[in-house]
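Single-structure report; data block below.
Bear in mind that the values in this text are calculations on the coordinates, not laboratory data. Owing to the predicted nature of the structure, the values given are computational and were not obtained by experimental measurement. Here the Cβ positions follow ideal geometry from the backbone for every residue, glycine too, while neighbour counts run over all protein chains shown.
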Amino acid sequence: MAPLGNKQGFLFVEIHRMQCHNCGCRWWPPLPFASPKKRVTLSFEAYVINLMQFSTVEHVSKFLGVAWGTIKNIHKAYLQKEYQIPDLKSIRYIGVDEFSIKKGHEYMTIFINLESGEIIHAVEGKSIDSVSPFLLQLKEKAIQLKAIAMDMNAAYASAVKKHLPHVDVVFDRFHVVALLNTAIDDIRRDQQAKCNAVGLKVIKGMRFLLLSNYERLNPKKQDSLECLLEVNKPIATAHAMKEQIRLFWSKCSVEEGTKFLAWWIMDAVDSGVNELRKTGKTLLRHWKGLVNYFKHPISNGKTEGINNKIKTMKQQAYGFRDIEYFKLRLYNLHKVRYSFLR
């Protein structure tokens, strides 16, 4: 039973199995204060569920002095009872992303209602075959769906194009900036190696300055960055183009965005810097999903935030062996009232 203050409570009950004199049927009499076939009372279950609203299984287990599995099973049964299949008819914008569930490149894909922040579906894997069944559900039920935000994952884009050709794909700006940052980092390492060969250390320790937004740097760091850019043309070119691409999302229409992106890609291809040339060609292959932003100004920001929350939840739980329970926790994540702390 539920603790009394900081004292554990126990209830000892002697139960006799019943038998019908007419048909010989045997049964255990129901107890009004406990669920069938459980060795805990309803009040204890309610107490555990309340604690789980702002704590973790491990902490509740230690606090009550009860086995971890008992707490998990109580919470799992509650989530199974509370879970409702989301209504897909009213959804307009969805975000999709993946995260690692185990070591060894095992992933799970989540679909999020970008307007409510609710995880509406989770599936193991990140291939076309993994996400196609849910996309077929969306095709049948999500009659108001307008666009899906995602990174430049070829499998996701291909699956949406195949099953939802009327829905626009919007490539997330975060991943475009990350693509440029990767290119700059590759250029920096290449230039650093060349400087090391002649005994120069001008680029050493500059990674943070190159990847940061220029206006967020203090004057001293801005001066240091400008000194570097003056003496290294490839890095200066890459940094300038990284800052320029951020202006893309400030354009006012599809036409303006398309024109800006076309000029940027041409500059990247003609820059003479191999890493920028590759980045420009990548954006050219995905240009339609990029300019769709001006039709549907959405991003995967909520999805990335939820992914960080999921990663911290996994760390605190030391992983999840029960995939069904893990998915139920994901579907309930938008209702959790406490903050995850690392």
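Can you tally the net charge around residue 263? Count Lys and Arg as +1, Asp and Glu as -1, for every other residue whose Cβ sits under 12 Å from the Cβ of residue 263.
So the surrounding residues net to -1.
Considering only the other residues whose Cβ falls under 9 Å of the Cβ of residue 177, what net charge follows from Lys and Arg at +1 and Asp and Glu at -1? Kindly include the intermediate steps, with their values, before the conclusion.
On the way: positive: 173, 242, 246; negative: none.
Around residue 177, the charge tally is +3.
Applying 1/(1 + (r/R0)^6) with R0 = 51 Å to the Cβ-Cβ distance of residue 33 and residue 177, what FRET efficiency is obtained, to the nearest 0.05? Don't skip to the end; give the middle numbers.
Working: r = 57 Å, r/R0 = 1.13.
With R0 = 51 Å, the Cβ-Cβ based efficiency is 0.35.
What net charge do the residues around residue 96 carry, taking every other residue with its C-beta under 11 Å from that of residue 96, with Lys and Arg at +1 and Asp and Glu at -1? Can you show the working numbers first?
Working: positive: 126; negative: 97, 98, 151, 172.
Charge balance near residue 96 sits at -3.
Taking amide hydrogens as modeled 1.01 Å from N in the peptide plane, which residues meet the under 5 Å criterion relative to residue 97, leaving out close sequence neighbours?
Amide H neighbours of residue 97, under 5 Å, 5+ apart: 110.
Which of the peptides 251-264, 21-34 is most tightly packed, and how do the rest follow, judged by the mean count of other Cβ atoms within 10 Å per residue? Can you show the working numbers first?
On the way: 251-264: 14.5, 21-34: 9.1.
So the peptides 251-264, 21-34, ranked by packing, come out 251-264, 21-34.
Where the Cα atoms of region 18-82 are projected onto their three principal axes, how long is each span, largest first, in whole Å?
So the three principal-axis extents are 51, 25, 17 Å.
Report, largest value first, the span of the C-alpha coordinates of region 5-136 along each principal axis, in whole Å.
That gives 59, 46, 34 Å along the principal axes, largest extent first.
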